[in-house]
Protein chains: 4
Amino acid sequence: MPSAEAREPEGGMGLERLVFFSDAVFAIAITLLVLEIRLPELEPERVAAELPIALKALIPSISAFILSFVVIGAYWMTHHRLFRFIQAYDARLMWINLVFLMSIAFVPVPTAILGRYADYTTVTIIYAVSLGVVGLLEAALWAYASYHHRLINSQLSDRFIRYILLRTLVPSLIFFTSIPVALADANIGKEFWLIMIPAFILLRLLYSANHSAQSNNSITE
Amino acid sequence: MPSAEAREPEGGMGLERLVFFSDAVFAIAITLLVLEIRLPELEPERVAAELPIALKALIPSISAFILSFVVIGAYWMTHHRLFRFIQAYDARLMWINLVFLMSIAFVPVPTAILGRYADYTTVTIIYAVSLGVVGLLEAALWAYASYHHRLINSQLSDRFIRYILLRTLVPSLIFFTSIPVALADANIGKEFWLIMIPAFILLRLLYSANHSAQSNNSITE
Amino acid sequence: MPSAEAREPEGGMGLERLVFFSDAVFAIAITLLVLEIRLPELEPERVAAELPIALKALIPSISAFILSFVVIGAYWMTHHRLFRFIQAYDARLMWINLVFLMSIAFVPVPTAILGRYADYTTVTIIYAVSLGVVGLLEAALWAYASYHHRLINSQLSDRFIRYILLRTLVPSLIFFTSIPVALADANIGKEFWLIMIPAFILLRLLYSANHSAQSNNSITE
Amino acid sequence: MPSAEAREPEGGMGLERLVFFSDAVFAIAITLLVLEIRLPELEPERVAAELPIALKALIPSISAFILSFVVIGAYWMTHHRLFRFIQAYDARLMWINLVFLMSIAFVPVPTAILGRYADYTTVTIIYAVSLGVVGLLEAALWAYASYHHRLINSQLSDRFIRYILLRTLVPSLIFFTSIPVALADANIGKEFWLIMIPAFILLRLLYSANHSAQSNNSITE
């Protein structure tokens, strides 16, 4: 039996604090990524010779930093977008959001591993699974909040709700599909992730085209 | 003699800043937990052989991360809930809150120790004491604020105030009770912590059942 | 010649963002302190024997953590209090605040050194100087903002403005006075810092006593 | 074809959250700088002899900390200023801002390298390029937002918009110009960065002088 607390959604200041806390976790996780980019200690008398090599050796870590920064950034933007429509919260939404934030806070781990051992298939798969789970949890957040307009703006059309759900599922879909690809070739597995960019654009175009034909009101945008 | 400052509670922007600062400390402490999950440096020529072992060796750290993330998350939710009812603050509340935040900021230490040496009784006890103290300080926050409705919404019923106090005491109670259990067996001591989940559900059901019978007004919810 | 920008104080959203940014730096600096409390790597076969020793060896770091947490916490509370009265900002206030925040962000360094080498006079002095400078910068913030009521609530009495200035100067006064004391004995130098507690209480009592006699209006409190 | 989403700017709570997230990334990056200032582990029996040397060896790291703190602080103030005029956002602004924040989050890397190997020309150039890119991205943010008053206060004069653009370009201009200087002499390359201070003052004076002559309205200030 759900408790009174879980049954009665709340808004206002409490919701703002939930969003704020989420933003802070995102900001910290995204900024902590940089801690993995570290120049090794060089012997004082060999700095001149070894510095260029050591700097070059940072490139894979820097690439992993950029990749994860962009992916977390994109997840943040989606979270930002979801909470423009979510107008109330309950205990369950808080727990789903907390587990989602845990998956975000975990991202520095697969990022560090990818930055150091990018050539290994296992590593590509660990990264794909970790980041794919983040996306699934974000989709769960939306699915829970939007189910029968439980916690969202009541004017949103079903079509728009489904469009948002699809968008939140795109990254997971691509990360999970990349796993069999990585089993064949770790590097193609990683390149496969780039499909995300055209996928988002395509989805948006499809929705926009469809949308104009139906002339929904602007609130659903 | 209490000073004028301590005697006169204040609300508004100052209270918001206190809550904000607390949220930020929570968010940072919860996200810093991840820094303890570190892959050791592997010798370049032995990566293929050692990587799977090194990854597997991360599991205890990851378990400790998940445990502490959930526990801090639950403490945050309680804090969030308390400050929905706390409507003013004074110098003493700020100090109690600061000491409470110190106990939150400290959590990465017992978490790191637990992640590395989970099998030792001492380690289980250190974790239980540290996290139990966090709960006691949160209960102190509520006890201070709610005493004679000092700093809270004046419409809250005494019954509801006591219910909230009980809730804030549940984690400490279970963490402290786990200490003698751990002295017998460190692993059962840790499993004992899971009792928290049914304990919260039971407490809520008891309150809800009782509550419906008395038909309090909705503000007390 | 001051620029138009420096001459015209601004309030509102911009001020809120300044306060927010400051709070975030405080929260991060205060939480990062914990990163210095680290259990050394123990040899797997010697954990049982060495763990109690290693845990005991954390005590000085934990003491330094508690000390710095309380001191930064007290500086934060003062900052919180100052900005209840500061109602506008200009470019200069932003710069003074930024240098002040730099001194706050630096606190983990003397804290780490104190946690490791507390018995050395040099270390006590480094800590006292670092934390004393923080206090001076906080006093400078108030001195600048309150000069001729430049950026503060115009109803504050001169007496109250001076009282606040005295309060912000107390920590620096005590930290700097502890330097010659530490030169005689490093440990008495550190114990000397405890004078801060009665000093604050005394100052407040003196002000309150005086205040009642003059019956100022409540806004100046 | 731009999507509907990119075409329709939004304001309100969403904009506030964007600003908040940016502030949090700034605050974290600026505070993480301190993690690079680390006393090496000293042998217990040699602390008395080696501590003064070890402390002195921290000076280059502390200088790099101060430099980057001030530079990030100045970039934050500019960001603060830009968003006093930016009144709406769209998907593209969010992406430009995200890439800008990535460049800010990256600053601890060149800072750490500069703190350790300040005498090397390569290091000076890496620092200048990294920090110069931050400035370019900040200018891009303003150029995008202010183009045809896309997302800014419509009352801002073209002259003021150009003045702000020039200000955001000053740091990049100086950092990039310092590169050929550093190729001649790494230390003069670093001293060259100090030109930023008179450059800002000069630009402001020029604008103010010109401004008074034209008597614009106060909103453009």
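Looking for whichever is touching a Leu at 6+ places or on another chain (Cβ under 8 Å) and within 20 Å of C:Gly73 (Cβ to Cβ) here; the options are C:Ile201, C:Ile174, C:Ile164. Which one fits?
Checking each option against the conditions leaves just C:Ile164.
Does A:Ser22 satisfy the condition of being open to solvent by 30 Å² or more (accessible area, probe 1.4 Å) and touching a residue at least 40 places away in the same chain (Cβ under 8 Å)?
no
How do the pairs read when you match residues in segment D:147-165 that are closer than 15 Å to D:Gln87 by Cβ and in contact (Cβ under 8 Å) with a residue 24 or more places away in the chain with residues anywhere that are open to solvent by 90 Å² or more (accessible area, probe 1.4 Å) and in a loop (DSSP other than H, G, I, E, B), using Cβ under 6 Å and keeping only pairs 6 or more apart or on different chains?
Listed pairs, sorted by first residue: D:Asn153/D:Gln87.
Just to check your reading of the model, which residue among A:Phe85, A:Phe26 is under 30 Å from D:Ser61 (Cα atoms) and out of contact with any Asp or Glu (no Cβ under 7 Å at 6 or more places or on another chain)?
Selected residue: A:Phe26, the only one of A:Phe85, A:Phe26 that is under 30 Å from D:Ser61 (Cα atoms) and out of contact with any Asp or Glu (no Cβ under 7 Å at 6 or more places or on another chain).
Each row is one residue, and each column tells you yes or no for (1) at pLDDT 90 or above; (2) more than 10 Å from chain D (Cβ to nearest Cβ).
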site	(1), (2)
A:Ser3	no, yes
A:Gly14	no, yes
A:Ile28	yes, no
A:Leu39	no, no
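Looking at segment A:41-55 only, could you name the residues that are closer than 26 Å to A:Lys190 by Cβ and away from chain D (no Cβ under 11 Å)?
The one that is closer than 26 Å to A:Lys190 by Cβ and away from chain D (no Cβ under 11 Å): A:Ile53.
Just one of (1) of a type outside the set (Phe, Trp, Tyr); (2) within 14 Å of chain B (Cβ to nearest Cβ); (3) closer than 17 Å to A:Ala29 by Cα; (4) touching a Pro at 6+ places or on another chain (Cβ under 8 Å) trips up A:Gly135, so point out which.
(2)
I need the full set of residues from segment C:117-131 which are open to solvent by 20 Å² or more (accessible area, probe 1.4 Å) and more than 10 Å from chain D (Cβ to nearest Cβ), in order please.
The answer is C:Ala118, C:Thr121, C:Ile125, C:Val129, C:Ser130.
So which of B:Ile59, B:Ile66 ends up being of a type in the set (Val, Ile, Thr), more than 8 Å from chain A (Cβ to nearest Cβ) and without any contact (Cβ under 8 Å) to a residue 40 or more places away in the chain?
That would be B:Ile59, the only listed residue that is of a type in the set (Val, Ile, Thr), more than 8 Å from chain A (Cβ to nearest Cβ) and without any contact (Cβ under 8 Å) to a residue 40 or more places away in the chain.
Could you grab the pairs with beta carbons closer than 6 Å, sequence gap of 6+ or different chains, first residue in segment B:174-198 and in a helix (DSSP H, G or I), second one open to solvent by 60 Å² or more (accessible area, probe 1.4 Å)?
B:Ile174/B:Ile195; B:Val181/B:Ile188
Anything in segment A:98-116 that is open to solvent by 20 Å² or more (accessible area, probe 1.4 Å) and at pLDDT below 95? List them, or say none.
A:Arg116
Consider segment A:79-118. How many of its residues are under 15 Å from A:Ala29 (Cβ atoms) and of a type in the set (Phe, Trp, Tyr)?
Total satisfying the criteria: 2.
Just for segment B:198-221: of the residues that are of a type in the set (A, V, I, L, M) and surrounded by 11 or more Cβ atoms within 10 Å (Cβ to Cβ), which one is modelled with the lowest pLDDT?
Filtering first and then ranking leaves B:Ile219.
Any residue at all in segment D:149-170 that's away from every other protein chain (no Cβ under 11 Å), buried (at least 16 other Cβ atoms within 10 Å of the Cβ), touching a strand residue (DSSP E or B) at 6+ places or on another chain (Cβ under 6 Å) and not in a loop (DSSP other than H, G, I, E, B)?
yes
Being in contact (Cβ under 8 Å) with a residue 40 or more places away in the chain, open to solvent by 10 Å² or more (accessible area, probe 1.4 Å) and not charged (D, E, K, R), is that true of even one residue in segment A:46-56?
No, segment A:46-56 has no match at all.
For segment D:74-112, which residues satisfy the criterion of being at the interface with another protein chain (Cβ under 8 Å from one of its Cβ atoms) and farther than 26 Å from A:His80 by Cβ?
Across segment D:74-112, the qualifying residues are D:Val109, D:Ala112.
The values are calculated or read from the model by the stated rules, or taken from the named source; none is laboratory data. Keep in mind that this is a model prediction, so the values were computed, not measured. Ideal geometry is used to build each Cβ from the backbone, glycine not excepted, and the neighbour counts take in all protein chains shown. The area values use the complete protein model at the heavy-atom level, side chains included, leaving out ligands, DNA and RNA. Shrake-Rupley method; radii C 1.70, N 1.55, O 1.52, S 1.80 Å.
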